[in-house]
Protein chains: 4
Amino acid sequence: MSGNTLGKLFAVTNFGESHGPAIGCVIDGCPPGMALAETDIQPELNRRRPGTSSFVTQRQEDDRVEILSGVYQGRTTGAPIALLIRNTDQRSKDYGDIAQSFRPGHADYTYWRKYGLRDPRGGGRSSARLTAPTVAAGAVARKWLREQYGTALRACVTQIGELSLGFESWEHVSCNPFFAPLADVSAIEHYLAGLRGAGDSCGARLRAVAERVPAGLGEPIYDRLDADIAHALMGLNAVKGVEIGDGFTSAAHPGSKHGDELRPTPDGGVAFASNHDGGVLGGISTGQDIRVSVALKPTSSILIPRQTVDVHGQAVEIVTKGRHDPCVGLRAAPIVEALLALVIMDHVLRQRAQCGQVPGSVPAWE
Amino acid sequence: MSGNTLGKLFAVTNFGESHGPAIGCVIDGCPPGMALAETDIQPELNRRRPGTSSFVTQRQEDDRVEILSGVYQGRTTGAPIALLIRNTDQRSKDYGDIAQSFRPGHADYTYWRKYGLRDPRGGGRSSARLTAPTVAAGAVARKWLREQYGTALRACVTQIGELSLGFESWEHVSCNPFFAPLADVSAIEHYLAGLRGAGDSCGARLRAVAERVPAGLGEPIYDRLDADIAHALMGLNAVKGVEIGDGFTSAAHPGSKHGDELRPTPDGGVAFASNHDGGVLGGISTGQDIRVSVALKPTSSILIPRQTVDVHGQAVEIVTKGRHDPCVGLRAAPIVEALLALVIMDHVLRQRAQCGQVPGSVPAWE
Amino acid sequence: MSGNTLGKLFAVTNFGESHGPAIGCVIDGCPPGMALAETDIQPELNRRRPGTSSFVTQRQEDDRVEILSGVYQGRTTGAPIALLIRNTDQRSKDYGDIAQSFRPGHADYTYWRKYGLRDPRGGGRSSARLTAPTVAAGAVARKWLREQYGTALRACVTQIGELSLGFESWEHVSCNPFFAPLADVSAIEHYLAGLRGAGDSCGARLRAVAERVPAGLGEPIYDRLDADIAHALMGLNAVKGVEIGDGFTSAAHPGSKHGDELRPTPDGGVAFASNHDGGVLGGISTGQDIRVSVALKPTSSILIPRQTVDVHGQAVEIVTKGRHDPCVGLRAAPIVEALLALVIMDHVLRQRAQCGQVPGSVPAWE
Amino acid sequence: MSGNTLGKLFAVTNFGESHGPAIGCVIDGCPPGMALAETDIQPELNRRRPGTSSFVTQRQEDDRVEILSGVYQGRTTGAPIALLIRNTDQRSKDYGDIAQSFRPGHADYTYWRKYGLRDPRGGGRSSARLTAPTVAAGAVARKWLREQYGTALRACVTQIGELSLGFESWEHVSCNPFFAPLADVSAIEHYLAGLRGAGDSCGARLRAVAERVPAGLGEPIYDRLDADIAHALMGLNAVKGVEIGDGFTSAAHPGSKHGDELRPTPDGGVAFASNHDGGVLGGISTGQDIRVSVALKPTSSILIPRQTVDVHGQAVEIVTKGRHDPCVGLRAAPIVEALLALVIMDHVLRQRAQCGQVPGSVPAWE
């Protein structure tokens, strides 16, 4: 119940620092009986992993995951699943010179105020490296959701700095190192090359969708599905904004256009004529696609000198060398998908708990 | 730990339905020894209350709060504080005709899918009326924060439908019924009159700020301060987007502009030269103002006929009569302030728990 | 999630003080669709109520419960169920003289140390009166368990002070005011009359059983079913010991006698040949009866003078007048049943959440 | 928040199985700034470790603990502390023959009913081996408590099977392999030799004490300090009974003897004249010693044949070979101490959170 756990029933407790011995997580509450091996998790980690293009950090981490518990003879037992990733490429010397100063845009100052001390090696616990355990846990959740409901999770980058990408097709996303929904990414390469030449960085915007999510997920007040999605996504490093459905453009909508109308389907069911609300009404899933988007701020580690203060209160100039992504948003897509999966998984279990007996409220389990 | 509780240590459990006997909440974890009476809470409820202009619902509710427990001789005892608000103006007949249909944009369909049944009277638990207990609890939190730190919370409306308001001054906000930061609100009145004439509704955008928030609040991963703020605000009825600091515009920022530089202050402290990150770095408060903004969708209850489906799966046309706000965002400011206060309060107690011994991490208590 | 909530998924938050305006609770997480009215709860409150014999406090409280929320047209909706009981017979003058001293055996001193102040009226929040909301919530849980599984909960008194009662039959328990499993209670009356004549009090021992509890309830480590039962029962006023199954006598058992053997049943199932372990193995229910016993200390409020200290640190003598039970254990049976019901209910929902798909792990729901 | 976590603010999440790759835990919420190294934890693990006498299992496990996170330059950072213990001596063949049957007194049947499958290797997650991470986490808590308050935790065995040991002195406890408070343990050796010769096992009883615990710890209702102690201790493998203070003998006490009187101390403080209530009044610590006792049932794995059922529903006879303790209680003392430390630690942080500003409610921190 302390702060480093995500989820109430599918509860993921994250541990580790960028340059400590290891990072990882413990998943408590996974349903028993699901086939699970490291090979189900590793591909998601590989998608998130640095080093996949010249525009992301060249730190070389295998991110090799080991399942320490909760699986017997290839199946989940219902016991906690501990996932371990050893850190192997920790060049702490890269970071030694910044231990005494507070880098602008980083968590250096706030950790120091909060804890009275901080682990400066690679940003310690505030490093984006700590999203790896989240992605690993998300791989477990999305496998279960896929097997039970066919739930699919996708994310792509729709804006890089001042470059708005547009959206061509989901099928392009896995064919370029930018998670861009475009066939031709040369404009992105050009833009990033310019940024790198200037020693600068930029932000990004992503969109994500969860398809085939059961209706009925979410609590009426406070722990709404959209609220928990916002919590998970705003909790991701560098995220400064979260939207559900039409998001901020909703403010300008007239009610006569915004509210999604319902229609009978030929098989006696119900369909929506539109999805302005992004698959959530009153905090509860409608059965439509869950649509979200997020904005990430620019990478704070840049080669351009900036003004700051050191731990002795003296004004200093700082340049953050090291191996950094010029745009952290370029690696966020698998993480956003994982976070969505974790929130949906948790709410499926919550819904089973309270409303398991409601006919059709949760599709039949096998 | 179920879904209708906000906060871990300053934990507010909300109960009630729009047209049931009563609404209210229980606050568990309030520090002892604070002076508290109904008169500390009632003014905040009055700010949220309907009936304050011709552009909000004319439902007449006193929203008279009663403290049932947790206070002795005018001081909090540390025991749970139960707050009760009786419903008095329940005209259920206004809603009788919609019990059999799913209103577009409402939670009718999702509640029915989740629970297999629903309370249709005034929207039941999905009614915005259920924000009153949140406001009441928020009044307790903000009193404590104000007394301990001088923390101040403010919110205002910055956009109404397609009308962007701009920002003149906080001092105007309490002088008009729209929580608008403007001296002259005639444009708003004109806009809303047109909307009402058309039987339509619109969304809104608000900004809020929390001043004098201690540095060091928030957990490093998952339960970050910004994540919990996003959870609280996205959990508010009709909210579809949440931003911290520069929010979505951060995506277009270069790192060389975005990261807030630090400067020494004459008294040996530290100050920031800007606040693009909205007072949160690495999920932890910096001591600067917490800056957020939210978007609310348009009121779903409108007089313009809409297509939907009834509980028997038949296509029907629906018009939502009754007493509705044409723009729910016009009453959201006190609620946004209350939610911010509740999240900050919870994190102050969490910070005391773990880091109470860190020098200066939490200002001295009296 | 603060301290005054019992249960994680069927979460009961208790509020109130003995002589405040009201006591009550909020139940969050109750499954929807169950028929529920005040008349389902009131009988359990009446069983717990004082004034039913000359040997319990003569305070006259109706303990009239009102359902404030979560029920529509006689059925639970899945929304929080708030239960309110107004205090009506608060003779605060009875307690005025003890506000300045710490009564031996009472919580006066510890509340004062914890909170820096305390509500002395009738013991404030430490009064046994606060078990009434627990009993009310338990009535909701036991109704659901009875309807789903036929679960039955019973408790009786087996020892009063130095008087060991033996056990004749459950059927006697409701036929005397002592919850004694005896046809003839004259020995009890004689014993209590002697105690009352001396102005003294005594402790008690109770046994309880839960029948027809599904197998599979409980988490493997920490939140075991027996651990959560022990938490609930040790949390009851005056309880100083809790046993599951054979309890403390287990220490002297040889393994060759203690371990409950299994046998095939004619219908292909499994039966146990004995129940030394009280229906719990490895922290998880076996499907056998859950057997527990508890010990309560004597009532601390007695007419015999005792030595103590006042809030100014001066030695004083104190006599606790007022309306007190000479043996608080005599009213504990309905409360112990309620606590057992609440723990089992919570674990049924937890089991549904994680293992809902395991064949037979949770009996079919209707 | 799922079931394998102990504590709300000092939250220990346990993972692993007896014969899986590793066991361990994650501690979330540890205060920053405390000196911590593996050498602070290893001695406690060594005390719990098997193989220390001929009367405990001869399984050879180093139980070598590795700190994976949360410590930087020898000090806790406030980030989660992950502790890892690799399993090295897993002779699974010892257990292969019991995978198809339900051993009496074991969790085999209940795990199978709960999860639909189970890990039979060495008892899987139900093995007493999983107490090692609890002991490791407890070592962290007790170090912090010792440094802040001088809190000391001690436990000893007071009964082994039918052999009541009496109590001579705490100083003997560490001088014999039975945690017995006796100078001469020959009677114990004789008793256990007889038991081993018969292929049988026995239970045990332990007492424990926590000295120098701050007053004011514990919540008034439900999460009382004694309730949480009972939860922790009843959650320990084989425990069937828990007592606080005088425990079950309290039932026979008259109120005129039981209630602990208070006396002024020469320095203006308050002292208690006795400690029948074991240091807890109204669920809150008094500042006296916390006194508890527990009963453990006999080891279920014995060489004497017993009747049971296999997974196909057939009656079978079973003998549990392997390396087992004839009396599991003989290794429980360090675990009981660890559990007490964890509960007290959690409540110290909870008390800081809510009542940090109450003068004297929590002693000054350095």
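The values are calculated or read from the model by the stated rules, or taken from the named source; none is laboratory data. Fair warning: this is a prediction, and the values are worked out from it, not measured in the lab. Here the Cβ positions follow ideal geometry from the backbone for every residue, glycine too, while neighbour counts run over all protein chains shown.
Going by what's in this entry, would residue B:184 be described as modelled with pLDDT of 95 or more and farther than 30 Å from residue B:345 by Cα?
In short, yes.
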(message) Condition first: modelled with pLDDT of 95 or more and assigned to a loop (DSSP other than H, G, I, E, B). Now tell me which residues in region A:122-145 satisfy that.
(response) none
(request) Working only within region B:244-259, note down all residues that are in a strand (DSSP E or B) and either over 24 Å from the mean Cα position of the chain (by Cα) or of a type in the set (S, T, N, Q) (or both). (result) B:254
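Evaluate the following for residue B:302: is it over 21 Å from residue A:242 (Cβ atoms), out of contact with any strand residue (DSSP E or B) (no Cβ under 6 Å at 6 or more places or on another chain) and at the interface with chain A (Cβ under 7 Å from one of its Cβ atoms)?
Working: over 21 Å from residue A:242 (Cβ atoms): yes; out of contact with any strand residue (DSSP E or B) (no Cβ under 6 Å at 6 or more places or on another chain): yes; at the interface with chain A (Cβ under 7 Å from one of its Cβ atoms): yes.
Spelling it out, residue B:302 is indeed over 21 Å from residue A:242 (Cβ atoms), out of contact with any strand residue (DSSP E or B) (no Cβ under 6 Å at 6 or more places or on another chain) and at the interface with chain A (Cβ under 7 Å from one of its Cβ atoms).
Yes/no matrix, rows are residues, columns are (1) away from chain B (no Cβ under 11 Å); (2) of a type in the set (Gly, Ala, Ser); (3) over 24 Å from the mean Cα position of the chain (by Cα):
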| position | (1), (2), (3) |
| --- | --- |
| A:267 | no, no, yes |
| A:293 | no, yes, no |
| A:334 | yes, no, no |
| A:347 | no, no, no |
| A:359 | no, no, yes |
(request) Look at region C:232-265 and say how many of its residues are facing chain D (nearest Cβ under 7 Å) and at positive phi. (result) 2
(request) Could you please let me know if residue B:148 is in a helix (DSSP H, G or I) and either aromatic (Phe, Trp, Tyr) or over 15 Å from the mean Cα position of the chain (by Cα) (or both)? (result) yes
(request) Output yes when any residue across region B:216-235 is surrounded by 23 or more Cβ atoms within 10 Å (Cβ to Cβ) and aromatic (Phe, Trp, Tyr), and no when none is. (result) yes
(message) From the list C:260, C:223, C:277, exactly one residue is charged (D, E, K, R) and closer than 14 Å to residue C:344 by Cβ. Which is it?
(response) C:223
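Out of curiosity, is residue A:166 in a loop (DSSP other than H, G, I, E, B) and under 30 Å from residue A:32 (Cα atoms)? Talk me through it step by step, then tell me what you get.
Values: in a loop (DSSP other than H, G, I, E, B): yes; under 30 Å from residue A:32 (Cα atoms): no.
Against the criterion (in a loop (DSSP other than H, G, I, E, B) and under 30 Å from residue A:32 (Cα atoms)), residue A:166 does not qualify.
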(message) So if I check each of D:291, D:263, which one is modelled with pLDDT of 95 or more, surrounded by fewer than 18 Cβ atoms within 10 Å (Cβ to Cβ) and either in contact with a His (Cβ under 6 Å, 6 or more places away or on another chain) or of a type in the set (D, E, K, R) (or both)?
(response) D:263
(request) List every residue pair whose Cβ atoms lie under 6 Å apart, where the two residues are 6 or more positions apart in sequence or sit on different chains, the first residue falls within region C:182-204 and is free of Cβ contacts under 8 Å to residues at least 40 places away in the same chain, and the second residue, located anywhere, is surrounded by 15 or more Cβ atoms within 10 Å (Cβ to Cβ) and among the polar types (S, T, N, Q). (result) C:185/C:176
(request) For residues that are facing another protein chain (nearest Cβ under 8 Å) and either under 27 Å from residue D:171 (Cβ atoms) or surrounded by fewer than 24 Cβ atoms within 10 Å (Cβ to Cβ) (or both), tally how many sit in region D:107-129. (result) 3
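Report the residue count in region A:266-288 for those that are part of a loop (DSSP other than H, G, I, E, B) and surrounded by fewer than 24 Cβ atoms within 10 Å (Cβ to Cβ).
Let us first name the residues in region A:266-288 that are part of a loop (DSSP other than H, G, I, E, B), namely A:266-269, A:273-279, A:282-283, A:286-288.
After this cut, where a residue has to be surrounded by fewer than 24 Cβ atoms within 10 Å (Cβ to Cβ) as well, the list is A:266-269, A:273-276, A:287-288.
Of the residues in that region, 10 qualify.
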(request) Please list, ordered by first then second residue, the pairs with beta carbon atoms under 6 Å, 6 or more apart or interchain, first in region D:219-243 and assigned to a helix (DSSP H, G or I), second of a type in the set (S, T, N, Q) and surrounded by 24 or more Cβ atoms within 10 Å (Cβ to Cβ). (result) D:225/D:285
(request) Residue by residue through region B:289-335, note down the ones that are out of contact with any Lys or Arg (no Cβ under 9 Å at 6 or more places or on another chain) and part of a strand (DSSP E or B). (result) B:290, B:310, B:316
(request) Could you pull out the residue among A:250, A:256 that is surrounded by fewer than 23 Cβ atoms within 10 Å (Cβ to Cβ) and of a type outside the set (Asp, Glu)? (result) A:256
(request) Name the one entry in C:216, C:161 that is at the interface with chain D (Cβ under 9 Å from one of its Cβ atoms), over 30 Å from residue D:339 (Cβ atoms) and at pLDDT 95 or above. (result) C:161
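Each row is one residue, and each column tells you yes or no for (1) within 30 Å of residue D:28 (Cβ to Cβ); (2) in contact with an Asp or Glu (Cβ under 8 Å, 6 or more places away or on another chain).
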position: B:209; (1), (2): no, yes
position: B:213; (1), (2): yes, yes
position: B:218; (1), (2): yes, yes
position: B:224; (1), (2): yes, no
position: B:241; (1), (2): no, yes
(message) Can you find, within region C:170-208, the residue that is farthest from the other protein chains (Cβ to nearest Cβ) among those that are hydroxyl-bearing (Ser, Thr, Tyr) and in contact with a strand residue (DSSP E or B) (Cβ under 9 Å, 6 or more places away or on another chain)?
(response) C:191
(message) Against the condition facing chain B (nearest Cβ under 7 Å), under 23 Å from residue B:114 (Cα atoms) and in contact with a helix residue (DSSP H, G or I) (Cβ under 6 Å, 6 or more places away or on another chain), how does residue A:229 come out, does it pass?
(response) no
